[in-house]
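Let me begin by presenting the structure, written as structure tokens, before commenting on it.
The values are calculated or read from the model by the stated rules, or taken from the named source; none is laboratory data. From a predicted model like this one, the values you see are computed outputs, not experimental measurements. All Cβ positions, glycine included, derive from the backbone under ideal geometry; neighbour counts span all protein chains shown.
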């Protein structure tokens, strides 16, 4: 059983996305002016940092959508227009760039805010009839003004596979496979990943991606974890894919090199090469595997 040290980045936020029980239609207005309420300003996918700290005190009148409640604290996002001035007296920073400065909960909250703002900005018209849509549910969904269809934020799921080969007589230690994608900078290596296609289960997507990218057959597939990904509508789902011992053979042109690593070899590589951005599922999977192998 693989050891997963913590939840992946952007995951694990205990946010109650519903208003309090028995809240009436005027509750948001009252909540906005409560002293404990947080209003997180965003602009074009960027959050705001003031002296290195996340800004959560934007003016109440700027609030756009309700995000949820952290305990008794209501949380809103203020989706500021691109042409507006710097009302927050702070620096606008892309959410992924800001990640190292944020706590786990702050990063998850900002990712949620970014995704919701992006969806509202791109869902102004109904995909069925083309009529304008109107926000509803304090921002949780939209309603078509023409056909009445309810629209909810969409997700774009993708799977990532930690491809492992079990120990055997020829290789006494378990190994994992890293690949170099075409166009990757330097000798950057990563795990196999790809979007889930229509009509596929998540496991089917893992089997297909591994076969397409490195020509290997998955013998066993097991779910490990997931993270909302600031794509900004992404959902990354991690699996462990055990394959039969065979030479990987890239087949679709996306992969230009492959390499098997033992835990000791990966640990040595990590001393000189990044295992991925600090907020990535790629890095979370590799560091978790190293911990399982006793090389944390």
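Count, please, the residues in segment 274-289 that happen to be out of contact with any helix residue (DSSP H, G or I) (no Cβ under 6 Å at 6 or more places or on another chain) and either part of a helix (DSSP H, G or I) or closer than 19 Å to residue 161 by Cβ (or both). So the count comes out to 11. Every condition in (1) closer than 23 Å to residue 276 by Cβ; (2) in contact with a helix residue (DSSP H, G or I) (Cβ under 7 Å, 6 or more places away or on another chain); (3) without any contact (Cβ under 8 Å) to a residue 40 or more places away in the chain is met by residue 163 except one, and the failing one is (3). Could you identify the single residue in 127, 172, 153, 135 that is surrounded by fewer than 13 Cβ atoms within 10 Å (Cβ to Cβ), over 30 Å from residue 253 (Cα atoms) and modelled with pLDDT of 95 or more? Of 127, 172, 153, 135, the one residue that is surrounded by fewer than 13 Cβ atoms within 10 Å (Cβ to Cβ), over 30 Å from residue 253 (Cα atoms) and modelled with pLDDT of 95 or more is 127.
Within segment 177-184, is there a residue that is in contact with a strand residue (DSSP E or B) (Cβ under 8 Å, 6 or more places away or on another chain), outside the structural domain of residue 270 (by TED's automatic domain parsing) and part of a loop (DSSP other than H, G, I, E, B)? Within segment 177-184 (the criterion being in contact with a strand residue (DSSP E or B) (Cβ under 8 Å, 6 or more places away or on another chain), outside the structural domain of residue 270 (by TED's automatic domain parsing) and part of a loop (DSSP other than H, G, I, E, B)), the answer is no, since none of the residues qualifies. Just wondering, is there one or more residues in segment 2-12 that are modelled with pLDDT under 95, surrounded by fewer than 17 Cβ atoms within 10 Å (Cβ to Cβ) and either assigned by TED's automatic domain parsing to the domain that holds residue 105 or within 14 Å of residue 139 (Cβ to Cβ) (or both)? Within segment 2-12, none of the residues are modelled with pLDDT under 95, surrounded by fewer than 17 Cβ atoms within 10 Å (Cβ to Cβ) and either assigned by TED's automatic domain parsing to the domain that holds residue 105 or within 14 Å of residue 139 (Cβ to Cβ) (or both).
The set of residues from segment 135-160 being part of a strand (DSSP E or B) and without any contact (Cβ under 8 Å) to a residue 40 or more places away in the chain comprises 136, 141, 142, 143, 144, 150, 151.
Residues in segment 265-295 that are surrounded by fewer than 17 Cβ atoms within 10 Å (Cβ to Cβ) and touching a residue at least 40 places away in the same chain (Cβ under 8 Å): 273, 274, 277, 278, 291, 292. Would you confirm whether or not segment 195-205 contains a residue that is over 30 Å from residue 98 (Cβ atoms) and in contact (Cβ under 8 Å) with a residue 40 or more places away in the chain? The answer is yes; a qualifying residue exists. Scanning segment 243-273 for residues that are assigned to a loop (DSSP other than H, G, I, E, B) and in contact with a strand residue (DSSP E or B) (Cβ under 8 Å, 6 or more places away or on another chain) returns 244, 245, 248, 250, 254, 262. Among the residues making up segment 212-223, a single one is free of Cβ contacts under 8 Å to residues at least 24 places away in the same chain and over 18 Å from residue 236 (Cβ atoms): 220. Of the residues making up segment 208-242, those that are surrounded by fewer than 20 Cβ atoms within 10 Å (Cβ to Cβ) and assigned to a helix (DSSP H, G or I) are 208, 211, 212.
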